[in-house]
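Okay, so here's the structure we're looking at.
Every read-out reported here was derived from the displayed coordinates using simple, explicitly stated rules and does not represent laboratory data. Keep in mind that what you see is a predicted model, and the values were worked out from it rather than measured. Please note: Cβ atoms are built from the backbone with ideal geometry, for glycine as well, and neighbour counts cover all protein chains shown.
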Amino acid sequence: MSSNLTVLASWFRLKYPHIALGALASSAPILYFDDITPQDGYYSIVSRVFREASGTCYQTIKNSWAEIDELASKSNGLSMLSEKFKTCNPLTDASKLKDHLNTMYASAAQYNEPPTYPVNKVCAGIDGGGFGDDILSRIFGGLVAYNGNLPCYVNAHTDESETTVGWRWQECSELAMPIGIGNNSMFPPDPFDLEDYIESCKSFYGVPTRPHWVTTYYGGHVCFSI
């Protein structure tokens with residue numbers, strides 16, 4: 001089951017113990033609310049998974065963000081990045097590329113299971129150097145290894161799925177998870193900012209964010225320590 005479904009299963013067991021005998025959630029973010037879990041926990045684990053798979057892969061990813069920013073700052077840097085990563089549309093800033101890579105690494109770690117083991121696949125593409133030995137060529141190699149050979153990458157136009165829209169609504173209205181990035185990971189630091197989170201949700205849906213709803217309705221870590 002998805003992490004959301006396993007969270008719901010655990011909460012169902014908590015609220016209706018006379019109906020449900022148990023609920024198994026191997027990696028669901030049950031305690032990722034209201035700062036019960038360190039905000040940088042998720043990306044720290046993602047980074048650890050990559051570091052354990054390949055130290056060189058981890059370091060290449062860690063070094064790549066500055067390389068992307070440096071190239072993007074040049075007069076024709078965005079065009080060069082668009083060409084380097086075979087983007088489906090010309091990049092207008094570096095954030096679209098970095099967000100795409102961030103999501104790819106996080107997804108690879110979150111769903112790193114047999115038989116594909118996507119983290120190993122990404123790192124094989126990065127360490128293999130099939131597209132060149134420089135850092136950005138290696139990162140592109142990881143992108144191709146993860147996605148396969150496609151006509152273009154990164155910013156293809158796709159309609160958002162109902163699942164994506166629905167999950168974002170839940171994150172905004174009920175399930176506000178304070179996920180941030182600290183200083184000890186392979187990602188650029190990006191601390192969680194509740195005020196920015198609230199404003200972003202207002203811009204998407206115009207709904208008030210309830211960051212304490214989960215712990216108020218279902219309880220915190222004490223409920224799951226018994």
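The table for this structure:
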| item | result |
| --- | --- |
| Proximal lysines to Lys121, defined as alpha-carbon separation beneath 23 angstrom and excluding residues fewer than eight positions away on the same chain | Lys62, Lys84, Lys86, Lys96, Lys98 |
| Of the GluC sites (Glu not before Pro) in the range 127-204, those whose Cβ has at most 16 other Cβ within 10 Å and which sit in DSSP loop | Glu160, Glu174 |
| Pairwise centroid distance, computed over Cα atoms, of the range 184-216 with the range 153-167, Å | 20 Å |
| Estimated dipole of the chain in Debye, rounded to 20 [Cβ of Lys and Arg +1, of Asp and Glu -1, Cα centre] | 500 debye |
| Among Phe131, Ser79, Leu150 - extreme Cα towards positive end, dipole of the range 60-152, charges at beta-carbon | Leu150 |
| Over the chain, relative contact order from alpha-carbon pairs under 8 Å, at least 6 apart, % | 25 percent |
| Most fluctuating residue given options His212, His100, His157, as computed from a GNM of the chain linking Cα atoms under 10 Å | His157 |
| Footprinting exposure proxy for Met186, Met177, Met104 (fewest neighbouring C-beta atoms within 10 Å first) | Met177, Met104, Met186 |
| Magnitude of the charge dipole, the range 119-187, Cβ model with Lys/Arg +1 and Asp/Glu -1, debye to 20 | 200 debye |
| Most fluctuating residue given options Pro211, Pro90, Pro188, as computed from a GNM of the chain linking Cα atoms under 10 Å | Pro90 |
| Virtual spin-label span in nm between Trp213 and Asn76, 7 Å along Cα→Cβ | 5.1 nm |
| Label-point separation in nm, Ala20 to Asp134, each point 7 Å along Cα→Cβ | 5.2 nm |
| Ser173/Asn147 FRET efficiency (R0 22 Å; Cβ-Cβ; nearest 0.05) | 0.10 |
